[in-house]
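Heads up: the structure comes next, in structure tokens.
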């Protein structure tokens, strides 16, 4: 039976360990927006992030924003596909203490699933095409770093009731993506042999 959780960042290992694949999460607090260029700068170029990521929930995004004076206003905070950023998962958890990754499409590298299990992290999936809904739950952009990477800068969003986020991969090694894939392969085998 799925459980619904309301969590506030920064997240602790205990917060994440209680989550199980299939549960729903609503988040309050700060969510850190990252994307390919941000992560390449950190991991491939060896440049330390300008903020502490301990306990962070990071969101795979490159938002559409409008500048108003010295601040940015969110116009569309959509989520991008996570698979191409899969290789950075272990580094985010082990090196920087990130607790949750929010994205769409999932993570598939065995190293990522192992890192989530070993270091106490989870992958929270958001429904694709829900940018308008996400934006409504983004109260403010508190800060932006590395503006030269726009729109793939490092963003600090303040969110309220961001969700529902689905616990697609938990810290116990359970992946809804792997489960659905196995069920689909089994069903396909039944169809092809005429037994299903």
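Each value in this text was obtained by applying a stated rule to the coordinates, not by laboratory testing. Nothing here was measured: the structure is a model prediction, and the numbers come from that model. Please note: Cβ atoms are built from the backbone with ideal geometry, for glycine as well, and neighbour counts cover all protein chains shown.
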Seminar exercise, completed: With a Förster distance of 35 angstrom and the Cβ-Cβ distance between residue 135 and residue 14, calculated FRET efficiency to the nearest 0.05 equals 0.70
Problem set entry | Nearest-0.05 FRET efficiency for residue 45 and residue 172, computed from C-beta distance (R0 35 Å) | 0.55
For this session: Give me the percent of DSSP beta bridges within the chain that run antiparallel, rounded to the nearest 5.
Result: 60
Problem set entry | Net length gained if the chain between residue 186 and residue 84 were fully extended (0.36 nm per residue, minus Cα distance) | 34.0 nm
For this session: Give me the distance between the Cα centres of the range 54-127 and the range 25-47, rounded to whole Å.
Result: 6
For this session: Treat the count of other C-beta atoms within 10 Å as a stand-in for reagent exposure and order 13, 152 from fewest to most.
Result: 13, 152
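Express the relative contact order of the chain as a whole percentage, based on alpha carbon pairs under 8 Å and six or more residues apart in sequence. Let's see the in-between values first.
On the way: 440 pairs, mean separation 54.5, N = 196.
So the answer I get is 28 percent.
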Problem set entry | the range 84-196: antiparallel DSSP beta bridges as a percent of all, rounded to 5 | 70
For this session: At 0.36 nm per residue, minus the direct Cα-Cα distance, what do residue 109 and residue 127 gain on full extension? Give it in nm, one decimal, please.
Result: 4.4 nm
For this session: Please list 137-150, 76-89 highest first by mean number of surrounding beta-carbon atoms within 10 Å per residue.
Result: 76-89, 137-150
Exercise. What value does the chain have for Rg/Rh, both radii from Cα atoms and Rh as Kirkwood defines it?
Worked result: 1.00
Exercise. How big is the Rg/Rh ratio for the range 109-154, C-alpha atoms only, Rh by Kirkwood, two decimals?
Worked result: 1.10
